[in-house]
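Enquirer: Dumping the structure here so I can ask a few things about it.
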Amino acid sequence: MTTDLRVNNEKNDKKTIKGIIDTDVHHEIKSTRDLLPYLSDHWKRYIAEYGWVPERSIPFNQIRKETKYRMDTRPSDGATPGSDYNLLKEQLLDKHNMTHAVLTGWFYEASVAKGWYEFAAARASAYNDYTIEHWLSKDNRLLGSITIPQDPMAAVREIDRVASHPQMVQVMLPIADFAWGDPMYHPIFEAANRHGLKIGMHLSATITAQGGDFLRYYVAWRSVHPQAYMTQTISLITNGVFDKFPELQVALVEGGFEWVPFMMHRMDSAYKALRAETPWVKRMPSDYFRDNLRFTTQPWDDLTAKQFMNIIDMMGSEDMIMYASDYPHWDFDPPERTLPTGTPDSLRDKILFENARNFYRL
């Protein structure tokens, strides 16, 4: 079912759209103690008694942890922004007439555990159960992402455990300092594909520069995000993930999209000259981009309609970009102001609604 909505563009023209699906909403826990009801006694003590908290390896993530949110998103009780369903409902779902919002969280176990996989698997399960009880059960507009540990066997068990929930639509893989295309992680893709789930990939606090760990400032870390997304995309394609699982689709969330045509053409050029190195890759890389990969609007750079349409033209498809707000973070993009004035109505509908509806099979 769709809903007719009125959205004002920058010229205050009124355009009727079919709906809005937000593919990146960060719901938070108030503290790690929120996980305790969902942990066995064996694991509870590491939080309740020993004070375990997730690692944040990049110093400026700790320094600016209180400034990464919109100022008005902190609940009245002082809890972490994004941890209050009622406030999220008011500020996002109701205010912007969202048809659906995909919860992407910010508790990515696959990027915070370094070797202690059993505890990571327990925390991932607890976080998924917390999400189901405190978020998905409260609003049918909310869709969930399954958090997994990095260990493939434990990850598959968690996917199999949670996949049947009707509001879980994807498996969340954090973009960190390892490449998901490595064959050791292919059982994760097999499990997601077997359950009809999508893969969501999102940057994490442990992301580093692919050319070296030289990121001293937040502005450098933010600027390098596309590079990390490029690395993961190249890894997926060259390791034959989409040849092994042709129906599998991956959403690269909060990595932008301006770099996509460049990488499509660069990979095609390399493939034509060096395809013998990866004989299991049967198609041109650009074909996998169009059929198996999706990208989100956030973070949106200041593009004119002409520049934006040139990027779409170079992609060769209007189906590859989905709307994302990044609520409740400081660079939140409301749907009313995301696309440039002059974007054709049909393309606006696709990006704000249809592409995500088709991707998640809603």
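Each reported figure results from applying straightforward, stated rules to the coordinates on display, with no laboratory input. All of these numbers come straight from a predicted model, not from anything done at the bench. Neighbour counts are summed over all protein chains in view; Cβ atoms, including those assigned to glycine, are modelled from backbone coordinates with ideal geometry.
Enquirer: Using the Kirkwood radius over Cα pairs, work out the Stokes-Einstein diffusion coefficient for the chain at 10 °C and 1.306 mPa s, in µm²/s as a whole number.
Expert: Details: Rh = 21.0 Å.
Calculated translational D: 76 µm²/s.
Enquirer: Starting from the coordinates of the alpha-carbon atoms of the stretch 99-201, obtain the Kirkwood hydrodynamic radius over all distinct pairs and give the value in Å to one decimal. Mind showing how you got there, number by number?
Expert: Values: mean 1/r = 0.0740 Å⁻¹.
That comes to 13.5 Å for the stretch 99-201.
Enquirer: Also, quick follow-up: For the pairs K68/K244; K68/K282; K68/K138; K18/K306; K30/K350; K198/K272, note any where the Cα-Cα span goes beyond 31 Å. Provide the component values of the computation, followed by the final result.
Expert: Working: K68/K244 39 Å; K68/K282 42 Å; K68/K138 26 Å; K18/K306 24 Å; K30/K350 35 Å; K198/K272 29 Å.
Exceeds cut-off: K68/K244; K68/K282; K30/K350.
Enquirer: Taking 0.36 nm per intervening residue step and subtracting the Cα-Cα distance, what contour gain separates E133 from W330 on full extension?
Expert: Values: separation 197, 0.36 × 197 = 70.92 nm, distance 2.71 nm.
Taking 0.36 nm per residue and subtracting the Cα distance, the gain is 68.2 nm.
Enquirer: Another question, then. Need one number: the % of Cα-Cα pairs in the stretch 163-279 sitting beyond the 25 Å mark. Display every interim value, and only then the final one.
Expert: Details: 1874 of 6786 pairs.
Above the 25 Å cut-off, the stretch 163-279 has 28 percent of its Cα pairs.
Enquirer: So how do 120-133, 241-254 stack up, highest first, on mean other-Cβ count within 10 Å?
Expert: 120-133, 241-254
Enquirer: Fewest Cβ neighbours within 10 Å first, please rank H329, H225 accordingly. Write down the numbers at each step before the final one.
Expert: Values: H329 20, H225 17.
Sorted ascending by nearby Cβ count, the order is H225, H329.
Enquirer: Going 7 Å from the Cα of L274 along its beta-carbon direction, which residues of the stretch 238-255 have the amide nitrogen within less than 20 Å of the resulting point?
Expert: Taking a point 7 Å out along Cα→Cβ of L274, the residues of the stretch 238-255 whose backbone N falls under 20 Å are 238-243.
Enquirer: Related question: Under 10 Å, Cα contacts only: if you run a Gaussian network model on the chain, which one of T80, T338, T23 comes out with the highest mean-square fluctuation?
Expert: Maximum among the listed residues: T80.
Enquirer: Another question, if that's okay. In the stretch 331-349, whose amide N lies under 19 Å from the spot 7 Å out along Cα-to-Cβ of M71? List them in ranges.
Expert: 331-334
Enquirer: Report the gain in length on full extension from A79 to K244: 0.36 nm times residue separation, minus Cα-Cα distance, nm rounded to one decimal. It would help to have the intermediate numbers written out before the result.
Expert: Numbers: separation 165, 0.36 × 165 = 59.40 nm, distance 4.40 nm.
Separation in residues times 0.36 nm, less the Cα-Cα distance, equals 55.0 nm.
Enquirer: For a Förster distance of 22 Å, can you work out the FRET efficiency between the beta-carbons of D313 and F178, rounded to the nearest 0.05? Before the final figure, lay out each step's value.
Expert: Numbers: r = 34 Å, r/R0 = 1.56.
Once the sixth-power term is evaluated, E becomes 0.05.
Enquirer: Another question about this same structure. Treating only the Cβ of Lys, Arg, Asp and Glu as charged (+1, +1, -1, -1), what charge dipole size does the stretch 250-362 show about its Cα centre? Round to the nearest 20 debye.
Expert: 560
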